[in-house]
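Contents: one structure, followed by commentary.
The values are calculated or read from the model by the stated rules, or taken from the named source; none is laboratory data. As the structure is a prediction and not an experimental result, all values here were calculated from the model. A quick note on method: Cβ atoms are made from the backbone with ideal geometry, for glycine too, and the neighbour counts reach across all protein chains shown. Just so you know, the surface numbers come from the protein's heavy atoms only, side chains and all, with ligands and any DNA or RNA stripped out. Shrake-Rupley method; radii C 1.70, N 1.55, O 1.52, S 1.80 Å.
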Amino acid sequence: MMTPEENDLLCRVEGDAPMGAIMRRHWIAACLSEEVPEADGKPIKVRLLGEDLVVFRDSKGRIGVLDEYCSHRRASLVFARNEECGLRCLYHGWKFDVDGNIVEMASEPANSLIPDRVKHKSYPAHEHGGFVWCYMGPADEMRPFEPPAFAPTKDAKVSATKVRVNCNWAQILEGQIDSAHSSSLHSSDMLPADVEVAKATEATWLRPSNDKAPRFQIERTSYGFRYAAIRRPIMNEATHDYIRTTVYIAPYTALIPPNSSYNVATLLTPEDDNTTIFYFIAWAGADKPGIDANTWRKFNKLEWGVDVDEHFNGVRNRDNLYGQDRAAMKAGNFTGISGIPNQDIAMWESMGSISDRSKDRVGASDTAVVAFRRLMVEAARAVQGGSAALGTTEPHIAHATISSYEGVVPKTTNWRSLGGGSEAPLERVRQTAKS
């Protein structure tokens with residue numbers, strides 16, 4: 001059970017909130033590269049940690065992330081002309097380059113000193129893995145961009161879909177690290193099967209266990225934590241375990257157990273305290289075939305222009321009960337809601353924009369959720385006290401070496417040796433949730 005004060009520390013990201021201070025010291029996903037596909041194309045509006053910004057690609061292909069509102073009279077740069085290496089405000093013709101320099105002022109004398117005195121707010125930007133990233137923290141604390149775990153190399157095959165979720169980032173993250181819920185909420189889409197490893201079909205995911213009550217073990221790390229959900233396998237139950245490891249890389253990323261075709265990750269961008277952009281990602285290296293973006297979006301029922309509108313709002317929402325089909329439920333579908341992420345979104349948003357965790361009654365299946373809450377509240381208090389943000393100190397494990405895992409292994413196998421990113425001694429004891 002959390003106190004209201006702890007809940008605020010965990011959830012609030014706007015202004016000078018400690019959690020927002022942690023997030024500002026990590027590179028944050030501003031948008032997908034495909035949203036700004038062409039030089040001198042349309043600027044797009046994004047909202048990050050309570051700030052309204054625009055992202056654009058200039059004449060040379062460089063990415064700019066600027067304050068949405070013109071430094072002159074605060075007109076929106078969403079309407080600006082993108083031309084000759086800068087955004088030109090329509091109101092009076094002031095023009096800004098990707099670094100926020102004022103390069104032209106049509107309404108001012110040629111000898112104006114304003115460009116020497118005023119610089120428009122801008123954030124450093126970087127492209128990698130199909131995403132535009134930016135850094136919003138103190139300049140003297142900015143670390144070089146690091147490839148994320150889901151795009152460890154430039155040739156990684158990354159497919160992502162994107163949707164706005166009308167709730168706080170923390171309840172989404174808790175859903176991503178909660179392995180127990182998949183056996184109920186997603187039971188019509190993640191099917192037990194007589195397979196050796198998890199497999200993806202055109203319509204479902206198959207996995208070699210029908211155990212709905214996994215045992216959990218946690219390992220805290222310098223970047224967050226990793227944990228194992230240990231289940232009985234369908235085959236060789238007496239001698240083997242089915243192990244799925246999930247990884248939390250603070251503050252935005254979760255690595256979900258993979259399947260034989262692709263690896264799975266989630267990435268969050270908190271727009272503000274009450275809304276979050278959710279990216280659901282499938283990626284693969286040379287060892288797996290992967291899945292293309294359009295097929296991935298269709299599989300998840302988050303196809304752009306069909307299930308998600310031009311502003312990335314889902315067409316399934318609380319007003320239409322996420323398209324829940326009660327007849328399908330009577331016929332055997334567990335939720336009546338199409339698409340694994342949509343099933344999650346229905347649960348997250350149903351809790352309200354910020355869940356009141358003081359009313360939670362957690363159990364053994366919530367081990368990872370409790371670990372997340374404790375870790376991030378501790379991290380927020382540490383930043384309040386002047387300490388460095390979680391995940392920014394040495395020694396540092398390269399995110400490209402961190403991975404999740406799934407498979408049936410002999411009972412003698414220590415799960416910490418599976419996947420990548422372990423920092424703990426092998427004899428570390430099991431941690432369990434406390435109510």
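Odds and ends about this structure:
- 20 Å cut-off, amide nitrogen to a point 7 angstrom out along D52 Cα→Cβ, residues in segment 12-38: 13-16, 30-31
- Adding -39500 (n - 2.57) for every DSSP H run of four residues or longer, then dividing by how many residues the chain holds, sets the calculated 222 nm ellipticity at -4500 deg cm²/dmol.
- Pairwise FRET efficiency - N313 versus S222, Cβ, R0 = 41 Å, nearest 0.05: 0.65
- Expressed per residue, the C-alpha convex hull volume of segment 214-303 stands at 160 Å³.
- Too-long pairs where the Cα-Cα distance tops 20 Å, listed order kept, from K157/K199; K199/K298; K162/K301; K212/K301; K45/K162: K212/K301
- Magnitude of the charge dipole for the chain, about its Cα centre and with charges confined to Cβ atoms of Lys, Arg (+1) and Asp, Glu (-1), is about 940 debye.
- Cβ-derived FRET efficiency at R0 45 Å, E394 paired with T239, nearest 0.05: 0.60
- Sum of side-chain charges, N236 neighbourhood, beta-carbon under 12 Å (Lys, Arg +1; Asp, Glu -1): -2
- Extension gain, S33-S261: 0.36 nm per intervening residue step, less the Cα-Cα distance, totals 79.7 nm.
- C-alpha center-to-center spacing [segment 303-344, segment 96-170] in angstrom: 33 Å
- Comparing L302, T245, F278 along the charge dipole axis of segment 225-353, the residue lying farthest to the positive side is T245, per the Cβ-charge model.
- Solvent-accessible heavy-atom area per residue, rounded to whole Å², over the chain at 1.4 Å: 43 Å²
- Interatomic Cα distance distribution for the chain, bins of 20 angstrom, percent: 24, 56, 18, 2, 0
- Here's the picture: a label point sits 7 Å out from the Cα of A364 along the beta-carbon direction, and within segment 163-202 the residues with their amide nitrogen under 20 Å of it are 178-185.
- Nitroxide proxy distance, nm - points 7 Å out along Cα→Cβ at A286 and T401: 2.0 nm
- Length gained when the stretch W304-A203 is fully extended (0.36 nm per residue, less Cα-Cα span): 34.5 nm
- Loop-located trypsin sites (Lys or Arg not before Pro) in segment 361-397 whose Cβ has at most 14 other Cβ within 10 Å (DSSP): R361
- For the residues D140, D67, D292, a GNM of the chain with alpha-carbon springs under 10 Å puts the largest fluctuation on D140.
- Where no second cysteine Cβ lies under 4.7 Å, the cysteines concerned in the chain: C11, C31, C85, C134, C167
- Isotropic mean projected area of the C-alpha convex hull, segment 31-78 (nm²): 3.4 nm²
- The shape of segment 299-393 can be summarised by an equivalent ellipsoid whose semi-axes, obtained from the alpha carbon gyration tensor, come to 34, 19, 12 Å from longest to shortest.
- Sulfur and carbon atoms: percent of accessible area, the chain [1.4 Å]: 50 percent
- Normalised contact order of the chain, rounded percent, pairs of Cα under 8 Å and 6 or more residues apart: 19 percent
- GNM top mover of A110, A398, A180 - the chain, alpha-carbon springs below 10 Å: A110
- Förster radius 35 Å - calculated FRET efficiency between H126 and A328 (Cβ-Cβ, nearest 0.05): 0.20
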